[in-house]
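Since the structure comes first, as structure tokens, the remarks are kept for the end.
The values are calculated or read from the model by the stated rules, or taken from the named source; none is laboratory data. A quick note: this is a predicted structure, and the numbers were derived from the prediction, not measured. Note that each Cβ is placed from the backbone with ideal geometry, even for glycine, and that neighbours are counted across all protein chains shown.
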Amino acid sequence: MGGGKHQINKAHKSRFSSKSSRNIHKTSVKDRLAIVKNDRNIGKGARAARLQRNKMIREQKKAAVLKEKRELTGSKCPPRVIVLFALCATVDLEPLADDLLTLLSKEFSAARSETVASSEYRTRATVLKAPHGDLLSCMEMAKVADLLVFVASARSSCEDTDSYFTDSFGSQCLSVFRSLGLPSTAVFIRDLPTELKQRNELKKICTSSLATEFPEDCKFYPADTKEDLHKFLSLFKEQRLKTPHWRTQRSYLMANKVDTVYDGNSEKCTLVLSGYLRARNLSVNQLVHVSGVGDFQLCKIEVLKDPFPLNSRKNQDLMDSDEVHDVEVIRTLVPDPDNQESLVAENTPDPLAGEQTWPTEAEIAEADEDQKQKKNKK
């Protein structure tokens, strides 16, 4: 074929070559078996290590999920905050909050606390009602809510907005909540008819009307009867709640009790707050921010006995129950003056720091002499 390449053939064996010279390029059977055995061992070891690593990863993930579940339902976890928000002014939140607290505490009392511990549902919860019409209070409640429950009525008639179930204030709050960052959300539908077919149709209409206002994972629950609320609470105790990222960056406290202590004739007072610390640990040397007031130093931190224990003793009499809810100080933390953060956040400017001083007579005379010497040299 055309081209300048040469065909190179394999050299022919010599006729009188010895057996050893012919097999010099071959590998012995012993060495070949050793190589194969080593390759097999390497393959088996790599596969065993890979299987062991995958098994460890699965066990770590299971342990992390189990730890998170125990923290959510354990006695050391602070109560979950459920904030009820009415989408329309005609929605009454009072009976809904009473039904939730009754299911959790198994009792009804006029002086009942908003925080209850339920041994049946293995959870603790704080139920708050957002005041309709007060935007600032609704924002503050949404900042600390673990679950934000929007309550809609199937019989509401809000004709001032595009949505039939949300009035103008509800639409404004929804826009503000989305800008702040929504926590886990749910929607309760109230005032549904008792007839099953009409009930399902009206629920579908309400769901399709409100679905665009909430995240995709938001669920809709009928909330007319205690059976409906029981189904919700059974799912709520196992639910993995999500929180905005900015809330996990620092510790915060939602005060259950607020008091002030005045020191004699001084105009200043000491603010005493009690509640559950959330998100992160708090150092007694840090500064704390009080909403709407400013930054302050801590006088001390008192670790109190849990007023709402999850594993309470059964069949307690009145005296025992009173002893459980008494305030008992377990430990007191006092700030260190050398390590405590200062309230001074900015440097105080000195008006004379940048001023230039006037030269003295001796400095002026010395400057004149230097100038004459330079002239004489020239």
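Close contacts from segment 229-243, counting a first residue that is in a loop (DSSP other than H, G, I, E, B) and a second that is of a type outside the set (Lys, Arg) and surrounded by 14 or more Cβ atoms within 10 Å (Cβ to Cβ), with Cβ to Cβ under 6 Å and a gap of 6+ residues or different chains, come to Lys237/Tyr121; Lys237/Thr123; Leu241/Asp146; Leu241/Ser184; Lys242/Ser184; Thr243/Pro183. Take the residues in segment 230-281 that are under 18 Å from the mean Cα position of the chain (by Cα) and hydroxyl-bearing (Ser, Thr, Tyr), then tell me which one is farthest from Lys305 (Cα to Cα). If we take residues in segment 230-281 being under 18 Å from the mean Cα position of the chain (by Cα) and hydroxyl-bearing (Ser, Thr, Tyr), then Thr243 is farthest from Lys305 (Cα to Cα).
Taking (1) over 25 Å from the mean Cα position of the chain (by Cα); (2) modelled with pLDDT under 85 in turn, Thr166 satisfies each apart from (2). Applying a threshold of 6 Å to beta carbon distances and a minimum spacing of six or more residues, or different chains, the list of pairs starting in segment 142-156 at a residue that is more than 14 Å from Pro79 (Cα to Cα) and ending at one that is part of a loop (DSSP other than H, G, I, E, B) and charged (D, E, K, R) reads Ser153/Asp191; Ala154/Asp191; Arg155/Asp191. Considering segment 205-228, and only residues there that are within 27 Å of Arg278 (Cβ to Cβ) and without any contact (Cβ under 8 Å) to a residue 40 or more places away in the chain, the residue that is surrounded by the fewest Cβ atoms within 10 Å (Cβ to Cβ) turns out to be Glu216.
Considering Leu277, Leu202, the condition of being within 26 Å of Cys88 (Cβ to Cβ) and either in contact with a Ser or Thr (Cβ under 8 Å, 6 or more places away or on another chain) or surrounded by 12 or more Cβ atoms within 10 Å (Cβ to Cβ) (or both) is satisfied by Leu202 alone.
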